[in-house]
Amino acid sequence: MQPDIEIYIKHIEATKLAECLRQLFNHTELEKLTQTNFDAGRACTVFVETEANRIEVFINPHAAGKLYCSVWFRSAHTGWENDLACAEAFFKCLDHEIRCSSTTWTESEVEGAEKWWVLTKDEKKLVPWR
C-alpha cells in the first residue's frame, strides 16, 4: 500500500465530489466541502471513514492551474492499493477526467520525468503532465 493517495479531478463541483465521497466511504465529515469554498479556491480538510479507519482528506479545488481539484488522502488505509485504483473508483462515480501519478513519489525524481494516468470517457493512458 502507498503511504498516501492523491488524485486530480478536472472541472468538478463540490456537491458532486461530496456525493461521491459519501458513496465510497461508510461515514463522512464534509461540512467544509462547500461550493462557496470551491469557488473561492479555498482548500479544506475533511474526514472519511472506512470500517476500521478515520482518514484525513485534503482538498484543493484550484490545483494545477485551477482546472483540477486535488483530493489527497493522508493515509495508507484507504483500501486502494495505489493512486490508479482510487482514480478508477472516482471515475466510476463521477465520469469526469481524472489524473493520478503512475508511481509513488520520491525526492530523487527528475522533474518532468514522471508519467501520469489520465482517465477519460474514451481512454486510460499514460502521459507527461503539461
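The values are calculated or read from the model by the stated rules, or taken from the named source; none is laboratory data. Nothing here was measured: the structure is a model prediction, and the numbers come from that model. Don't worry about glycine lacking a Cβ; one is built from the backbone with ideal geometry, like all the others, and counts go over all protein chains shown.
Quick rundown of the values:
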read-out: The lone exception for Phe90 - which of (1) more than 24 Å from Val118 (Cα to Cα); (2) out of contact with any Asp or Glu (no Cβ under 6 Å at 6 or more places or on another chain); (3) aromatic (Phe, Trp, Tyr) it fails; value: (1)
read-out: Single unsatisfied condition, Arg42 versus (1) over 15 Å from Tyr8 (Cβ atoms); (2) at pLDDT 90 or above; (3) exposed (fewer than 13 other Cβ atoms within 10 Å of the Cβ); value: (3)
read-out: Those residues of segment 5-16 which are part of a helix (DSSP H, G or I) and not aliphatic (A, V, I, L, M), in sequence order; value: Thr15, Lys16
read-out: Residues of segment 54-105 satisfying the condition of being charged (D, E, K, R) and either touching a helix residue (DSSP H, G or I) at 6+ places or on another chain (Cβ under 8 Å) or without any contact (Cβ under 8 Å) to a residue 24 or more places away in the chain (or both); value: Arg54, Glu56, Lys92, Arg99
read-out: Test: His62 is out of contact with any Leu (no Cβ under 9 Å at 6 or more places or on another chain), over 23 Å from Leu126 (Cα atoms) and of a type outside the set (Val, Ile, Thr); value: no
read-out: Members of segment 47-66 that are surrounded by 15 or more Cβ atoms within 10 Å (Cβ to Cβ) and out of contact with any Asp or Glu (no Cβ under 6 Å at 6 or more places or on another chain); value: Val48, Thr50, Ile55, Val57, Phe58, Ile59, Asn60, Pro61, His62, Ala63
read-out: Tabulated pairs, segment 17-45, first part of a loop (DSSP other than H, G, I, E, B), second surrounded by 14 or more Cβ atoms within 10 Å (Cβ to Cβ) and among the small types (Gly, Ala, Ser), C-beta under 6 angstrom, 6+ apart or interchain; value: Leu30/Ala18; Leu33/Ala14; Leu33/Ala18; Thr34/Ala14
